[in-house]
Amino acid sequence: MRAGETTILRLLQGSKVFLIPNFQRRYTWRAKEWELLRADLLREYAVEHPEDPQNLDGHFLGSIVLHPAAGRASLLMRHLVIDGQQRLTTILVLLAAIRDVRSQMQPHWDPAEYNVKYLTNPFDPEYPDRLRPTELDRAAYTLTMRDGQPTEGIGQAYTFFIQKIRHVVDANGVDIEKLANTLLMHMLVVEIITGTGDSVNNILNTLNSKGMPLAGSDLVRNELLLHVGDEAGKDAYEKYWVPMEKALVASSKTGWNDRQFITFLWSREVAEDPSATRQDLFSVFENRLRRSLDHLSIAERQSAALQVFEDIYEDHRLFLLVRDPQDPSTEALGVGEELRESLERLRRWGSEPSTPLALWLLKQTRTGALDETDAVACLDILLGYLIRRALVGIPTNTLNRLITPLPSRLAARRGQGRMQDELAALLSAQGYYWPTNNEVLKAVITQPIYVSARRQVHFLLSEAERLMSTKELALTSRMTIDHVMPQELSDDWRRDLRDADVELDDALALTHTLGNLTLTGLNSEMSNSSFSEKRRHYASSPVRMNEELSRLRTFFPDDIRARTHALARRLLTRYPGPQSSPSAVHVERVETMDLPRAVWKPRCSRSRRAAGPRTRTSSPSQASI
């Protein structure tokens, strides 16, 4: 291994090409790093340097680790960029930006001066550019550097530098030729060239352990490429890995967001090892993979690792279905409509800990170990478990611990009965707290669900509407949540409550409960209007629960409690509770929301109790909604 300090000019000079291997991550630098490089360059521009070009004098940018690339004989020196690829890519983009600004400012200047010397290899069609990025960045690099079409993160860097260079030239009188020379001759790097016998993977792992961490997905990819071998690795990368990254890694102004990719890989691993976390994803994967390969010959090991590549790719297609069951690109998977609808309901609910189980169930249906009817029932049981906990007000912070082990536990119980029965038995076990009907009906009356489960309230109301509607369903996805009794009571509301002899505190305590919420497309129009005004809007609503509200003459605490209870009963009917629970009660299918007022006793303040309870007689039309 050789190391030495050098200039950007010396690094780029000569017949050479820098190859960023596919085991490296994509271009991730963004505005923070670009601004640091710009500031360093301008600071060095202002420094007086010795005239001797052989004298290394300037600002140190960092190190670049290069490894001789194997391949056929060529006029070009080929180097694998093992570390420093972000820095090297940005330097070349900055140089291209200087080139293009200078071309605009000095029409007679020939940009070939930079292209031929530093940016391209004009006489080698195999490597036309001095830098060849990873497969995923290659098109963006070409479009940005050659075609003047800034694309993705590399294009954002180019646009950033173009704007900054134009500004300092126009506003500060910076000499653009001197600026380029400062970059080439006075911005320094340490060039580290490894030996041909050095292991690229070991070097990368060493760098990673010294504070230059790769993402878990990068490490998984590199581990697979290590076992697959160079010959099959390129095809496997392009066939399996590139499509996954394109589907699961998103670009943003702050970099590449690989959260979806990590969630997908973690969802696979936690099905095998319930203790796996996103943080130790790679170590769990590495240990499991190496145990499965240790006893195999080299050829068998490569074949088995290639199969793992393919398995991960197939699983990612199922993961995309879990993430968006309505995505037309997943139609080729042949998943039935009923199963898609169950997946869609779970997606709309929005529980990240449910992802491993949903993915595992889909895999079981794909392999024929589980029929779709059983899978649908399992997903509905899981959703019912989540719904009941939300209605009671149980925090979600324990769901990861409770739900993620379910795939491995179900796998251990396979063959003992229907999967839906096994899942229900697991969720009914002590410690899972799957609320019974009685527990839900008792707690939901006072539960401020708009606060405790705000993200799920829209789903709960939409589902209640779906379960009661006997006609074409209203498009509730575009509607917003309306507090029937407003969060900020108007004078009309306060007067109506006072005239009905209703305690204000009693009413306010129910503001965020289920019974005081509905869905509407007229939220802004209604605002905090009186109930009599809202009734007119509700009467013309396509939402059936609003039609029922329009038939009420008043909307006081007793009405809210009754409606909360009725909505909860409808959801409980659709989503049964735990198995063999002595406290569970049978809930008949609810077609209307009839509920006698006598079931609920209004709460009284201390002063009211001291003076004796005062009651309000309800008319028959107000006794049910």
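Dividing the helix sum by the residues of the chain, where each DSSP H run of 4 or more adds -39500 (n - 2.57), gives a mean residue ellipticity at 222 nm of -16000 deg cm²/dmol. In this rough spin-label picture, where each label sits 7 Å from Cα along the Cβ direction, the Lys442-Ala304 distance is 5.5 nm.
The share of alpha-carbon pairs in the chain lying farther apart than 45 Å comes to 42%. With a Förster radius of 60 Å applied to the C-beta separation of Asp280 and Arg10, the computed FRET efficiency comes to 0.90.
For Arg138 and Asn181, the difference between the fully extended length at 0.36 nm per residue and the C-alpha to C-alpha distance is 12.8 nm.
Using the membrane-span-like helix rule (whole DSSP H runs, Cα extent along the own axis of at least 15 Å, mean Kyte-Doolittle hydropathy at least -1.0), which helices of the chain qualify?
31-45, 85-105, 135-145, 152-172, 216-228, 259-272, 281-293, 298-323, 355-367, 372-392, 454-468, 557-574
Positive-end ranking of Val484, Thr120, Ile192 along the dipole of the chain, with charges on Cβ about the Cα centre, is headed by Val484. Peptides 560-570, 256-266 ranked from most to least packed give 560-570, 256-266, packing being the mean of other C-beta atoms within 10 angstrom over each peptide's residues. Along segment 400-406 the Karplus relation, 6.51 cos²θ - 1.76 cosθ + 1.60 evaluated at θ = phi - 60°, assigns HN-Hα couplings of 4, 5, 7, 8, 4, x, 4 Hz to successive residues, with x for each Gly and Pro.
Only beta bridges with both residues in segment 2-212 are counted; by DSSP, about 45 percent of them are antiparallel. Taking every alpha-carbon pair under 8 Å whose residues sit at least 6 apart, segment 351-459 reaches a relative contact order of 36 percent.
Contact order, relative form, for the chain: 11 percent (alpha carbon pairs under 8 Å, 6 or more residues apart, mean separation divided by residue count).
Label sites at Arg478 and Asp294, each approximated as a point 7 angstrom past Cα along Cα to Cβ, lie 6.0 nm apart.
Once backbone amide H atoms are built at 1.01 Å from N, Asp83 has Val65 as its partners under 5 Å, excluding neighbours fewer than 5 places away on the same chain.
Values quoted throughout were computed directly from the atomic coordinates according to the rules given, and no laboratory measurement underlies them. Keep in mind that this is a model prediction, so the values were computed, not measured. Counting neighbours? That spans all protein chains shown, and the Cβs are built from the backbone with ideal geometry, glycine included.
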